[in-house]
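Let me begin by presenting the structure, written as structure tokens, before commenting on it.
The values are calculated or read from the model by the stated rules, or taken from the named source; none is laboratory data. Keep in mind the model is a prediction, meaning the values are calculated, not measured. Note that we place each Cβ from the backbone using ideal geometry, even for glycine, and neighbour counts take in every protein chain shown. Surface areas here come from the heavy atoms of the whole protein model, side chains and all, with no ligands, DNA or RNA. Shrake-Rupley method; radii C 1.70, N 1.55, O 1.52, S 1.80 Å.
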Amino acid sequence: PEDLNDAASVAEANANCNIVVDSGVGGTDAWLTAVSECNWGGMVCEDNENALERIDFESNNLQGTIPFELQELSQLRFLHLEEGKTAGIIPSELGNLSSLEELDLNFNLLVGPVPDTIYNLAELKELDLNDNLLEGSLSPDIGKLSKLRFFQISKNRITGTIPTEMGQLTELAIANFDRNQMMGTMPQEVCNLRDIENGLIGSLTCDCLDSSAKFYVECQTPQCCTQCFEPSLIITGDIREDEVVLPDNRADSNKKNKKNKKKDKV
């Protein structure tokens with residue numbers, strides 16, 4: 001509201017608050033109004049206490065950076081800031097959210113590495129970081145995320161190799177690494193989770209289409225990877241363009257994966 005002390009201004013802001021939470025349960029009042037934050041749009045609290053457990057800002061054009069103060073929300077289980085214009089780094093302090101189960105930051109303008117502290121989130125089931133400007137390599141500590149089911153880091157600037165330790169993630173159902181600057185070979189430990197008959201991993205992608213490319217990850221399909229892509233990012237400053245447009249648009253594929261994962265949410 002333009003004026004928190006003006007009832008008409010507050011009422012107008014509340015009427016214009018159209019943030020909808022995936023679960024269909026959540027606040028509908030404008031932010032900073034004189035009610036509990038549990039009533040603000042995009043917020044969900046636990047039933048019997050005012051402990052915030054969910055922040056959901058999907059496709060709301062959210063700008064600025066991720067505040068490190070979020071670490072104070074000790075009961076936060078879901079942090080969804082996807083499909084906006086959020087920039088800056090992923091704060092290392094997010095690694096203090098010991099109850100966090102889902103971290104969705106895809107389709108934003110985030111830069112820098114994935115903080116090592118993220119791999120301390122023992123309850124994390126979903127880490128969705130695709131379509132950003134993230135750099136650096138993936139730490140072997142990712143193998144500590146024993147409950148991880150959904151991992152997506154497609155279309156970034158990630159370098160290095162795919163950690164062998166990912167083979168320890170026996171709950172993994174989706175793991176997409178394509179459109180990056182990675183090299184090497186898909187670890188056999190990860191391929192061992194790709195049981196075609198039992199469907200342990202339903203989607204496993206990387207840049208395995210062109211062995212002559214500078215950035216190439218060796219991976220056989222369908223024995224291991226489900227699909228191969230080209231490492232097709234031209235990066236100039238903060239501008240990215242695809243060198244090639246593959247038949248199945250990557251953004252559409254990522255959104256399809258997102259729809260599938262939402263079906264699994266309780």
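Take residue 113 and tell me if it is modelled with pLDDT of 95 or more and either in contact with a Leu (Cβ under 7 Å, 6 or more places away or on another chain) or of a type outside the set (Phe, Trp, Tyr) (or both). When the stated conditions are applied, residue 113 passes them. For region 60-103, filtering for residues that are open to solvent by 60 Å² or more (accessible area, probe 1.4 Å), β-branched (Val, Ile, Thr) and over 16 Å from residue 117 (Cα atoms) leaves 1.
Any residue that is over 13 Å from the mean Cα position of the chain (by Cα), of a type in the set (D, E, K, R) and open to solvent by 50 Å² or more (accessible area, probe 1.4 Å) - is there at least one of those in region 132-142? Scanning region 132-142, I find at least one residue that is over 13 Å from the mean Cα position of the chain (by Cα), of a type in the set (D, E, K, R) and open to solvent by 50 Å² or more (accessible area, probe 1.4 Å), so the answer is yes.
Every listed requirement among (1) closer than 30 Å to residue 58 by Cβ; (2) open to solvent by less than 20 Å² (accessible area, probe 1.4 Å); (3) touching a Gly at 6+ places or on another chain (Cβ under 7 Å) is met by residue 173 save one, (2). Does residue 54 fit the bill of being of a type in the set (D, E, K, R), open to solvent by 40 Å² or more (accessible area, probe 1.4 Å), closer than 24 Å to residue 145 by Cα and in contact (Cβ under 8 Å) with a residue 24 or more places away in the chain? Answer is no for this residue. Checking the stated criteria, residue 106 turns out to be buried (at least 17 other Cβ atoms within 10 Å of the Cβ) and closer than 30 Å to residue 188 by Cα.
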